[in-house]
């Protein structure tokens with residue numbers, strides 16, 4: 001006598017029809033778990049671990065719709081999101097050299113090629129001209145995925161060019177900072193960019209051209225010690241890590257455990273280092289209002 005295999009159970013022909021499995025329908029086991037499937041790439045939130053499609057995250061300015069965590073934005077994505085209209089890009093004529101012929105575990109040119117292939121960018125700083133709510137301005141953004149957003153000679157060249165263009169056109173300059181500091185592979189030449197950028201910012205102040213800094217996650221080292229802390233107004237995104245030396249280095253120096261929210265934007269706001277913390281969704285409106293105030297615009 002033949003037997004019938006249904007839903008993992010062996011049933012005899014004499015089994016009542018009420019106990020038989022309906023063809024084409026599977027009954028889930030009590031211990032079986034179901035997982036959502038996506039038809040496009042997803043991004044996992046580092047805070048709540050929710051999976052969000054890349055398209056949905058992009059439309060939400062890379063802010064997690066579940067827990068409101070601010071995820072890192074690529075520099076080009078940030079500038080295209082910030083501007084209503086992009087009129088051009090500055091600084092593409094500058095390219096990095098290897099004056100010190102620096103080699104650690106790999107030669108510096110190899111690291112540069114790897115970063116360029118990974119990001120599709122030629123350097124860690126991108127500068128664009130455009131308009132925001134009808135106001136012409138210049139904005140630059142660090143790409144942390146490009147060697148940790150480190151500041152080398154090309155970053156200094158591009159920032160100084162942006163400052164000089166802002167002075168010539170009397171347009172405000174906005175800087176979105178996200179960096180690990182000066183680029184060690186360029187040695188003293190990278191440290192010189194701190195003085196160069198500071199001098200360019202001083203010229204903007206003398207020309208009464210507004211310079212606003214938006215501190216994103218993270219900002220450290222020589223960038224914090226120069227262009228990131230010399231703005232007319234300092235805005236920080238929520239929970240951004242901002243400092244000069246890293247938290248572990250400070251703990252080893254002072255021999256104390258530094259608890260949260262040390263070096264977070266909220267901690268720095270309470271201690272007067274930043275002027276305000278602004279949610280990314282409100283950032284465009286906030287920057288426009290501040291610039292209009294500084295330029296005595298209606």
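Per-structure values
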{"read-out": "Among residues of region 280-298, those that are touching a strand residue (DSSP E or B) at 6+ places or on another chain (Cβ under 8 Å) and farther than 26 Å from residue 208 by Cβ, counted", "value": "2"}
{"read-out": "Failed item in (1) surrounded by fewer than 17 Cβ atoms within 10 Å (Cβ to Cβ); (2) farther than 20 Å from residue 289 by Cα; (3) over 17 Å from the mean Cα position of the chain (by Cα), with residue 170 passing the rest", "value": "(2)"}
{"read-out": "Qualifying positions in region 252-278 - in contact with a strand residue (DSSP E or B) (Cβ under 8 Å, 6 or more places away or on another chain) and assigned to a loop (DSSP other than H, G, I, E, B)", "value": "263, 273, 274, 275, 278"}
{"read-out": "Top-ranked residue in region 166-182 [being touching a strand residue (DSSP E or B) at 6+ places or on another chain (Cβ under 6 Å) and either assigned to a loop (DSSP other than H, G, I, E, B) or touching a residue at least 60 places away in the same chain (Cβ under 8 Å) (or both); ranked as farthest from residue 206 (Cα to Cα)]", "value": "178"}
{"read-out": "Residues of region 80-111 that turn out to be under 20 Å from residue 183 (Cα atoms) and in contact with a helix residue (DSSP H, G or I) (Cβ under 8 Å, 6 or more places away or on another chain), as a count", "value": "13"}
{"read-out": "Residue under evaluation residue 250, criteria (1) touching a residue at least 12 places away in the same chain (Cβ under 8 Å); (2) surrounded by 13 or more Cβ atoms within 10 Å (Cβ to Cβ), criterion not met", "value": "(1)"}
{"read-out": "Every residue from region 222-249 that is assigned to a helix (DSSP H, G or I), over 19 Å from residue 183 (Cβ atoms) and touching a helix residue (DSSP H, G or I) at 6+ places or on another chain (Cβ under 8 Å)", "value": "none"}
{"read-out": "Qualifying positions in region 119-142 - over 20 Å from residue 196 (Cβ atoms), in contact (Cβ under 8 Å) with a residue 60 or more places away in the chain and in contact with a strand residue (DSSP E or B) (Cβ under 8 Å, 6 or more places away or on another chain)", "value": "137"}
{"read-out": "Which listed residue is touching a residue at least 12 places away in the same chain (Cβ under 8 Å), in the same structural domain as residue 285 (by TED's automatic domain parsing) and over 24 Å from residue 76 (Cβ atoms), from 214, 209", "value": "209"}
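The values are calculated or read from the model by the stated rules, or taken from the named source; none is laboratory data. Just so we're clear, the structure is a prediction, and the values are computed from it rather than from any experiment. FYI the Cβ positions are ideal-geometry reconstructions off the backbone, even for glycines, and counts take in every protein chain you see.
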